[in-house]
Amino acid sequence: MPPAHATPNSDDTQLRRLGYEPKLNRRMGEFGNFAISFSVISILSGCMTLFGFGLNTGGPAVMLWGWAGVGLMVILVGMALAEVTSAYPTSGALYFMAHRLGGPRWGWATGWLNLLGLVGGIAGIDYGAASFVGALANLQWGFEPTPGKLFLIFMVILVVHAGLNLRGVRLVSVLNSVSVWWHLGGVVVIVGALMIVPSQHQDTSWVFTHFVNNTGWTNPVYVSCLGLLLAQYTFSGYDASAHMSEETTRASVSAARGIVRAIWVSWIAGFVLLAGMLYAIQDYAGTIGSATGVPPAQIFLDALGPNGAKALLAVVIVAQLFCGNAETAAASRMVFAFSRDGALPGSALWSRVSPRTGTPVAGVWLAVGAALVLALPSLYSPVAYGAVTAINVLGMTPAYAIPVYLRLRKGKAFQAGPWTLGRWSRPIGIVAVCWVAVVTVLFCLPQAYPVTSDTFNYAPVALLVALVGAGLWWLKAGRSYNPPVQQSAELTELTGSVI
């Protein structure tokens with residue numbers, strides 16, 4: 001553990017030792033670092049957005065037991081990633097770790113996977129928030145949530161998130177801190193209202209054992225595996241703590257703790273939220289086929305009436321907006337770091353930092369602009385949009401495992417940071433890599449039968465296109481990709497003395 005009096009200067013010294021000159025403002029503390037990952041995971045975003053998917057794919061039994069099991073595995077993945085983060089606390093995070101542990105090609109592939117996942121995350125989160133805004137407007141004014149109208153709401157949300165991030169990391173940190181309490185308080189309010197107000201609830205046996213299969217597939221094991229995707233989708237984005245390392249004090253410890261803490265707090269709170277929602281279902285078929293287009297809105301409406309439903313929808317929407325803002329921050333830092341190392345077209349522009357706010361201004365706009373492009377298919381094809389946003393998980397999840405795998409391959413040559421798993425490092429790392437391999441396959445499987453052009457899972461196609469594009473760009477510009485090698489302590493001291 002570093003000394004309690006560690007200062008930004010010691011953090012900057014460590015960053016110079018890794019080969020980078022500090023450019024971002026280090027104004028985020030340990031709680032703020034935890035808060036950004038907790039906000040990106042956002043149980044009030046992921047659980048709510050895919051709640052209808054869960055009702056059709058396994059139902060309550062898979063939703064609850066799947067959440068418990070997936071959460072446990074994700075904690076192991078997070079612990080393994082946190083150990084590597086402690087050794088390499090930089091904004092580049094996953095790709096820098098992969099580069100240092102495996103070489104340029106590993107770093108390049110990891111970086112593109114991570115970046116595509118982050119941008120897909122912005123698109124998925126903010127479009128999901130737009131859908132919930134549309135559901136609230138439907139209850140309040142009879143608004144018809146057409147694709148065009150939802151896309152306009154989505155654009156407004158993107159601009160708001162860009163504007164908030166341009167104000168600087170201090171505001172981002174404050175909003176993330178508020179987000180933690182909003183999410184936890186929101187779970188208490190939602191579950192409390194759903195437990196107290198309705199006169200009728202589902203019984204416990206139904207909540208924990210009722211299995212539903214509306215996928216068209218007949219194998220219950222296969223359907224149960226598909227149903228795990230609700231939890232896995234929600235448990236993504238915790239690498240945000242690593243991406244904010246260069247703006248966090250005592251980063252080698254704070255970022256590692258932020259990753260693990262965000263996962264286990266979300267694990268507990270998310271289980272309570274899902275259970276509370278399931279107990280309150282009044283009409284299962286009506287919930288799935290809700291006129292609002294959002295099954296949770298129908299649960300609120302049936303259990304609490306119009307006014308109560310509107311109030312709880314507002315709680316969820318604010319949480320989703322917090323989530324999208326945090327994801328925008330993480331993605332823009334990834335853009336900054338990847339451009340700093342020459343990996344993006346126009347890197348000189350995207351790596352610029354505002355001297356006034358210490359924010360990568362162009363990087364913020366690139367992140368939200370790319371998310372806007374990814375969401376364009378939603379105007380004409382919900383299936384295509386779902387495939388594009390699935391790149392969030394198919395990009396992010398393998399990117400988590402690559403540094404862990406390379407750390408395992410490195411063996412005793414790996415120099416751990418102050419946050420380490422010790423003798424548990426190898427067994428936890430092996431389980432983490434195996435779990436990620438399983439999840440990656442699950443997200444590529446067809447989710448409905450019969451498989452037609454309307455039900456085909458386009459996610460693996462989107463991933464393949466992304467990887468081919470990254471490969472072609474490597475052939476053209478790979479030589480310009482050059483993350484620094486680690487400096488010696490003597491060189492770091494000399495560099496610090498002349499700057």
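I need the full set of residues from segment 140-149 which are buried (at least 19 other Cβ atoms within 10 Å of the Cβ) and either of a type in the set (A, V, I, L, M, F, W, C) or under 14 Å from residue 377 (Cα atoms) (or both), in order please. Steps first, please.
Residues of segment 140-149 buried (at least 19 other Cβ atoms within 10 Å of the Cβ): 145.
Scanning segment 140-149 gives no hits.
May I ask you to list the residues in segment 194-218 that are surrounded by 12 or more Cβ atoms within 10 Å (Cβ to Cβ), more than 23 Å from residue 310 (Cβ to Cβ) and either in contact with a Leu (Cβ under 9 Å, 6 or more places away or on another chain) or not β-branched (Val, Ile, Thr) (or both)? Write out each step before concluding.
To start, the set of residues in segment 194-218 that are surrounded by 12 or more Cβ atoms within 10 Å (Cβ to Cβ) comprises 194-195, 197-198, 201-202, 206-217.
If we keep only those that are more than 23 Å from residue 310 (Cβ to Cβ) too, we end up with 202, 206-217.
Passing the criteria: 202, 206, 207, 208, 210, 211, 212, 213, 214, 215, 216, 217.
Residue pairs, Cβ under 9 Å, 6 or more apart or interchain, first in segment 18-41 and under 23 Å from residue 317 (Cα atoms) and in contact (Cβ under 8 Å) with a residue 60 or more places away in the chain, second acidic (Asp, Glu) and surrounded by fewer than 20 Cβ atoms within 10 Å (Cβ to Cβ). List them.
none
Taking the options 177, 224, name whichever one is assigned to a helix (DSSP H, G or I), more than 18 Å from residue 51 (Cα to Cα) and either in contact (Cβ under 8 Å) with a residue 24 or more places away in the chain or under 27 Å from the mean Cα position of the chain (by Cα) (or both).
Working: 224 fails: more than 18 Å from residue 51 (Cα to Cα).
Going through 177, 224 in turn, just one is assigned to a helix (DSSP H, G or I), more than 18 Å from residue 51 (Cα to Cα) and either in contact (Cβ under 8 Å) with a residue 24 or more places away in the chain or under 27 Å from the mean Cα position of the chain (by Cα) (or both): 177.
Here's a check for you: in segment 150-173, which residue that is farther than 18 Å from residue 119 by Cα and free of Cβ contacts under 8 Å to residues at least 12 places away in the same chain is surrounded by the most Cβ atoms within 10 Å (Cβ to Cβ)?
The extreme case among them is 171.
State which residue is farthest from residue 24 (Cα to Cα) when the search covers only segment 87-100 and only residues that are crowded, with 24+ Cβ neighbours inside 10 Å and among the aliphatic types (A, V, I, L, M).
Kept after step one, since they are crowded, with 24+ Cβ neighbours inside 10 Å, are these residues of segment 87-100: 88-100.
Adding the requirement that they be among the aliphatic types (A, V, I, L, M) leaves 93-94, 97-98.
Values: 93: 15, 94: 18, 97: 19, 98: 22 Å.
The residue in question is 98.
Taking the condition among the aliphatic types (A, V, I, L, M), over 30 Å from residue 12 (Cα atoms) and either surrounded by fewer than 14 Cβ atoms within 10 Å (Cβ to Cβ) or under 24 Å from the mean Cα position of the chain (by Cα) (or both), does residue 421 pass?
It is false that residue 421 is among the aliphatic types (A, V, I, L, M), over 30 Å from residue 12 (Cα atoms) and either surrounded by fewer than 14 Cβ atoms within 10 Å (Cβ to Cβ) or under 24 Å from the mean Cα position of the chain (by Cα) (or both).
For segment 400-410, check the following and say yes or no: at least one residue is at pLDDT 95 or above, of a type in the set (Val, Ile, Thr) and not in a helix (DSSP H, G or I).
No, segment 400-410 contains no residue that is at pLDDT 95 or above, of a type in the set (Val, Ile, Thr) and not in a helix (DSSP H, G or I).
Please go through segment 292-335 and give me each residue that is closer than 28 Å to residue 240 by Cβ and in contact with a Phe, Trp or Tyr (Cβ under 7 Å, 6 or more places away or on another chain), ordered by number.
294, 295, 296, 312, 313, 316, 317, 318, 319, 320, 322, 335
The values are calculated or read from the model by the stated rules, or taken from the named source; none is laboratory data. Since the model is a prediction, treat every value here as computed from it, not as a measurement. All Cβ positions, glycine included, derive from the backbone under ideal geometry; neighbour counts span all protein chains shown.
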